[in-house]
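Participant: Handing you a structure now.
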Amino acid sequence: MSIIIKTPEEIAKMRVAGRLAAEVLDMITPQVCEGITTEELNRICHDYIVRVQGARPAPLHYRGFPKSICTSVNQVICHGIPGRKKLKKGDIINIDITIIKDDYHGDTSRMFYIGEPSVLARRVSELAHKCLWLGIEQVRPGARLGAIGHAIQRHAEANRCSVVREYCGHGIGRQFHEPPQVLHFGKSHEGPELIPGMIFTIEPMINAGRRHTKVLADGWTVVTKDHSLSAQWEHTVLVTPTGYEVLTLSPQATP
Ligand code: MF3
Ligand code: CO
Ligand code: CO
């Protein structure tokens, strides 16, 4: 399977899908606080996506995933399943939203702090955000896909953190996960050349400790093997003739 180059009509639909995904995060932000359960966050997002946006939550029943969003708390790297545990002061949480509108997907995630984070929690979260943007800034026609992972790995490791290898970014469009796989590590000259009209996610998972992962018995929840904190930010990015366009920017504020 090769990388799909999106037509102008498809790009227009991807812009809508990306904006809607970002708006779900904007909507949920004031609710992400001490005492709320991740199941409640799931329900609020689900209802907003379906009733307000007239869209669908892509994770629900995707390969058997049971909920509409992913909520990954503290040492959970990704694919956390919303449940009955209440968020408490000092927790950090990644909320990952993927919606389908008019047959096209938008995929984005952000970190949130519950109360004041520890110095380390803030550091790993800010580092993951910086890594995402260093990756995005590599995107332009003629660059290789590997330039993204190289920039991310270099910065993460220079700051004594590690990059998760088992999970990666992905092409996105009509399908949730399309080629190519966007690695968050590697060499600049490796991988396919970027061409205008390609759309993929960049979503580095950065661990405060070692990079190794473990999947819990539920078959989904990915945690750090050494129980260290993990952080992730994600955007959906279009390759343009001159560089990049981030399709999941918040119409409100936070990049
Ligand atoms: N949104 C995740 C990603 O960024 C994928 C979640 S898969 C699910 O690719 F099944 F857990 F939803
Ligand atoms: Co995602
Ligand atoms: Co993704």
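Any read-out appearing in this document is the output of simple, stated calculations on the displayed coordinates, not a laboratory observation. Just so we're clear, the structure is a prediction, and the values are computed from it rather than from any experiment. Note that we place each Cβ from the backbone using ideal geometry, even for glycine, and neighbour counts take in every protein chain shown.
Participant: List H189, H79 from most exposed to least, where exposure is judged by having the fewest other Cβ atoms within 10 Å. Let's see the in-between values first.
Facilitator: Numbers: H189 10, H79 20.
Fewest to most other Cβ atoms nearby, the residues stand as H189, H79.
Participant: Among I95, I114, I81, whose mean-square fluctuation peaks in a Gaussian network model of the chain (Cα, cutoff 10 Å)?
Facilitator: With Cα springs under 10 Å in the chain, the top fluctuation among I95, I114, I81 is at I114.
Participant: Among the aspartates and glutamates, which have Cα under 14 Å from the Cα of K86 when same-chain residues fewer than 8 positions away are ignored?
Facilitator: In chain and number order, the partners are E34, E39, E40.
Participant: Helix-derived [θ] at 222 nm for the chain: sum -39500 (n - 2.57) over DSSP H runs of at least 4, divide by residue count, nearest 500?
Facilitator: Numbers: 4 runs with 62 residues, N = 255.
Rounded to the nearest 500, it is -8000 deg cm²/dmol.
Participant: Using only alpha carbons, build the gyration tensor for the chain and give me the equivalent ellipsoid semi-axes, biggest first, whole Å.
Facilitator: 26, 23, 15
Participant: Here's a follow-up. Can you tell me which of R165, R84, R43 moves the most in a GNM of the chain? Springs connect C-alpha atoms under 10 Å apart.
Facilitator: Of R165, R84, R43, the most mobile in the Gaussian network model is R84.
Participant: Also: Over the range 8-246, calculate the relative contact order: mean separation of alpha carbon pairs under 8 Å at least 6 apart, over the residue count, as a percent.
Facilitator: Relative contact order of the range 8-246: 21 percent.
Participant: Here's a follow-up. If you stretched the chain out fully between I36 and K89, how much longer would it get, using 0.36 nm times the residue separation minus the C-alpha to C-alpha distance?
Facilitator: Extra length available between I36 and K89 comes to 18.0 nm.
Participant: Gap in Å between the Cα centre of the range 114-149 and the Cα centre of the range 174-207?
Facilitator: With the range 174-207 and the range 114-149 each reduced to a Cα centre, they are spaced 14 Å.
Participant: Among 128-140, 12-24, how do they line up by average Cβ neighbours within 10 Å per residue, starting with the highest?
Facilitator: 12-24, 128-140
Participant: How big is the dipole moment of the chain about its Cα centre under a simple scheme where the beta carbon of each Lys and Arg is +1, that of each Asp and Glu is -1, and everything else is neutral? Debye, nearest 20, please.
Facilitator: 540
Participant: In terms of the ratio Rg/(2.2 N^0.38 Å) built on C-alpha atoms, what value belongs to the range 166-247?
Facilitator: Normalised by 2.2 N^0.38 Å, the Cα Rg of the range 166-247 equals 1.25.
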